[in-house]
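The values are calculated or read from the model by the stated rules, or taken from the named source; none is laboratory data. Because the structure is a prediction, the values reported are computed rather than measured. Positions of Cβ are backbone-derived with ideal geometry, glycine not excepted, and every protein chain shown enters the neighbour counts. Protein only, heavy atoms only, side chains kept; ligands, DNA and RNA dropped before computing areas. Shrake-Rupley method; radii C 1.70, N 1.55, O 1.52, S 1.80 Å.
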Amino acid sequence: MWRWVRQQLGFDPPHQSDTRTIYVANRFPQNGLYTPQKFIDNRIISSKYTVWNFVPKNLFEQFRRVANFYFLIIFLVQLMIDTPTSPITSGLPLFFVITVTAIKQGYEDWLRHNSDNEVNGAPVYVVRSGGLVKTRSKNIRVGDIVRIAKDEIFPADLVLLSSDRLDGSCHVTTASLDGETNLKVCSHMFEYCC
């Protein structure tokens, strides 16, 4: 947990050296000169909020809007100074708008959390210790060899090593990344497909 927090704040970079050496199937050299590099994991996080930061972050985003901030100032002025109008006339609509917007944004973020959990928990087959191991997509590491079957969705950047087609090609759609639904053809060995 603390390592993740330090990485998010920028204190611990994901890897320490200027060069990146990736060992296929995570077979590291045995000569003792290898220093492990830290790469980010394969988890997908598209949500904005957590249970701990929802209220402060949502209120901050709400009051960044000029109209909400204006009505907050008017409400506070009406509370402090004796005005002919009641503070309820500006406070109640402000409270209603803030509450409805927070509920809407909370529901949308809850849907994002569910979608993230579905993608991160998708089963994939990875070569580890000389055999195929079924794991979740969030556990894919840099250097893993992943087996992808026909019409299978995979949430990672992959390098095409081989294909079962005669010409060695495969068709990839990147709709979840860039919205394009047309098929892209990857046809060469060791080609970066996305």
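Numerical summary
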read-out	value
Probe 1.4 Å, accessible area per residue of region 53-120, Å²	72
Radius, Kirkwood style, for region 53-120 when every pair of distinct Cα atoms is counted (Å)	13.7
Dipole of region 53-120 [Lys/Arg +1, Asp/Glu -1 at C-beta], most positive-end residue of Ile98, Asn68, Trp110	Asn68
Only Lys, Arg (+1) and Asp, Glu (-1) charged, at Cβ; region 53-120 dipole about Cα centre in debye	160
Amide H contacts under 5 Å for Ile145, placed H, 5+ residues apart	Ala25, Val127
Ranked packing of 108-114, 120-126, most packed first, by mean Cβ within 10 Å	120-126, 108-114
Residue-wise HN-Hα coupling along region 118-125, computed from phi with Karplus coefficients 6.51, -1.76, 1.60 (Hz; x: Gly, Pro)	5, 5, 5, x, 5, x, 9, 10
Region 53-120, accessible surface, carbon-and-sulfur percent (1.4 angstrom probe)	74
